[in-house]
Amino acid sequence: MSDLKQRALEHGIQPSYEGMGGEIHEAPAATLEKLLAAFGADPDRPGPLTSPPELRAHPGTRCYLPDQGRSWGVALQLYQLRSARNWGIGDFGDLADIADVLGKAGADFIGLNPLHALFLSNPDHCSPFSPSNRRFLNPLYIAVDRLHGFQPQMVDMARVEASRQADLVDYSGIAALKLPVLRRIWDNAGRPDANEDLLAEGGAELRRHALFEALSARMVADGHGAGWRDWPAEWQDAEGDAIAAFADANGEELRFHRWLQQAARRQLAEADAACDRAGMTIGLYLDFAVGEASDGSGAWGNPLVVPGVRIGAPPDWFNETGQDWGLAPLSPTEMAARKAEPFAELMEQATLQAGALRIDHAMGLWQLFLIPDGDGPPEGTYARYPVADMLDALARASRQNRTIVIGEDLGNVPAGFREVMEEVGILSYRILLFERTDDGFIRPEDYPRDAMACLSTHDLPTFQGWWRGDDIGLRLKHGLIGHPAAQEQAEARVIERAQLLDDLAAAGLWSGAAPDTDAAPEDLVAAVHLFLARSPSRLLAVRLEDITGEGDPVNIPSTVNEHPNWQRKLSVPVERISDLPLFDKIGQGLRRQRPRQSGRS
């Protein structure tokens, strides 16, 4: 082994890795050198990992899992909710209202997109999986009309109504509507700070986030970007004299942004209370992104963040060029040196208001695919984290706050990783569209007990989109696959549809006849959900988009502005969802298969 590869291994950097097809990929020497430099490796000293860490947990590490039956819930993107009262974006008020609807139908949880803080000064940076800071909430989800002190004359209701009627969320327009009114409410209340509990809990991180938001607004007004990497040099140093002077001179602005976090936190708690009143045994199922934007408040002045490196994924069948998520990773060497305590703090905060927590790209507890600046995914490789300490940190937070943990174990899953998840009580994430063999779809009874089952996710087509093959055409349109791959996938989809119908017929859920329309009929949609509901898996999530019959995808991975990702609203408002025949069909079947247990978990 070369000296370069040995030094890389001592810092957890993998000189080679196994792809999804089992092939071995060698990382370029230049990649190893760039990652070593980014990690701050000293060429004259050995790295902190003299031998690679093993994929295992500490003895006794175990997440919280209630002793109850099989539950079901509904997964939704909060922004996509329409209602007669919101301002053009789903908000915490809609979340409380839909909790009543779903609870009455027998649902035990509401699964949500990440609610992390984004960039208030750049609202069109709207991907919830590319947050500015994972510790805090997005104030655009505040239901302004439900705040104490709101008066209707504070806003132009004609603009609000136009925003409601639009098919896409206009994030910049929403910010222009909400922020001035929020400021007026805050002004009329005497410009308060956040309460002492939140100030103590948020600590230095909350103060830095508020400072970032205030300064970001000033920078944008002066013609710079919202992210700190686009600011003049003197403003990039979070501990510099210029920043300290700005903080001293703009104390009120900092109080405003801390107050926004308090308002958001309170309304999220009210939504959780609504889940409790509706009889849900789990309540809010929150989502935790795998990383933060490299120019956001979480990375600003944070010594735990590796500079000049981005998180992504290697090339695979769905994306021949790989994926670059543009997220900044936490330092594996710092995590190792500090026994993952910084991660433990993140998890303690993330689980506070979560009956369940989904860990996006759960393999990041063990390894992340890192891409040096200036390179693309084909040049990337994996770096290892202290997995036993990471798992222990997660498990402690889970038990402390009685939060069920679900790990998104999709993509390039390392050998043995799912076994470790099962050992520590992290539920696997099993998607019907992926759970298949050459002969058809896996039987429901063969799904694992410790899992959450679903038809698809935000990165995959809706059931209607899958049935029609829309996702294949979209991947081809956006250059994510070539014509040969598109043809191969289209031919495979014909077989997959036929196999699904055969499997449903064998289960006594379908007549066996193929639908004579392009769209999947409602009876077929209900049958597929009932098929999956028969699995022994602890949790089952139904996408709200499938209930309302949506065809367009929420997100096409590896696209940004080419497609309206994270913008499209549902075609049916919250007030009418309970009237949908398909909602009733699916609900009836799930209540029979998965009757609610008594009591909050």
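Taken together, the values in this text are just the output of simple stated rules run on the coordinates, not laboratory data. This one's a predicted model, so the numbers in the text were calculated from it and none came from an experiment. Cβ sites come from the backbone with ideal geometry, for glycine too, and all protein chains shown count toward neighbours.
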Quick check: net charge around Arg207, other residues with Cβ under 13 Å of its Cβ, Lys/Arg +1 and Asp/Glu -1? -3
Dividing the Cα radius of gyration by the Kirkwood radius, what Rg/Rh value follows for segment 122-267? 0.96
Sparsely packed trypsin sites (Lys or Arg not before Pro) within segment 318-402, loop by DSSP, other Cβ within 10 Å at most 16: Arg338, Lys339, Arg402
Sticking with the crude label model, points 7 Å out along Cα→Cβ, report the distance from Ala84 to Glu26 in nm, one decimal please. 6.8 nm
Run the simple label-point estimate for Asp518 and His563 please: 7 Å along Cα→C-beta, distance reported in nm. 1.7 nm
What FRET efficiency comes out for Glu419 versus Arg218 if R0 is 51 angstrom and r is the Cβ-Cβ distance? Round to the nearest 0.05. 0.50
A correct Kirkwood calculation over the Cα atoms of segment 332-432 returns a hydrodynamic radius in Å of 14.3 Å
What does the net charge come to around Ala289 if you take all other residues with beta carbon closer than 11 Å to its beta carbon, with K and R at +1 and D and E at -1? -2
Three principal axis lengths of the chain [C-alpha, angstrom, descending]: 73, 72, 49
Once the convex hull of the alpha carbons of segment 5-78 is built, what does its volume come to per residue, in cubic angstrom? 243 Å³
Can you list the DSSP H helices in the chain whose Cα atoms extend at least 15 Å along the helix axis and whose mean Kyte-Doolittle hydropathy is 0.5 or higher? 92-104, 522-533
Calculated diffusion of segment 487-574, Stokes-Einstein form, Kirkwood radius summed over Cα pairs, 20 °C and 1.002 mPa s, µm²/s: 139 µm²/s
Return the whole-Å distance between the Cα centroid of segment 119-156 and the Cα centroid of segment 297-368. 24 Å
Counting only other residues whose beta carbon sits under 14 Å from that of Arg493, what net charge do I get with K and R as +1, D and E as -1? -2
Cβ charges +1 (Lys, Arg) and -1 (Asp, Glu), total dipole of the chain, debye: 1760 debye
FRET efficiency estimate (nearest 0.05) - Cβ-Cβ, Ala337 to Ala249, R0 51 angstrom: 0.85
Quick query: amide H of Ile404 versus all other amide H atoms, modeled in the peptide plane; which residues come in under 5 Å with a sequence gap of 5 or more or a different chain? Ala356, Leu357
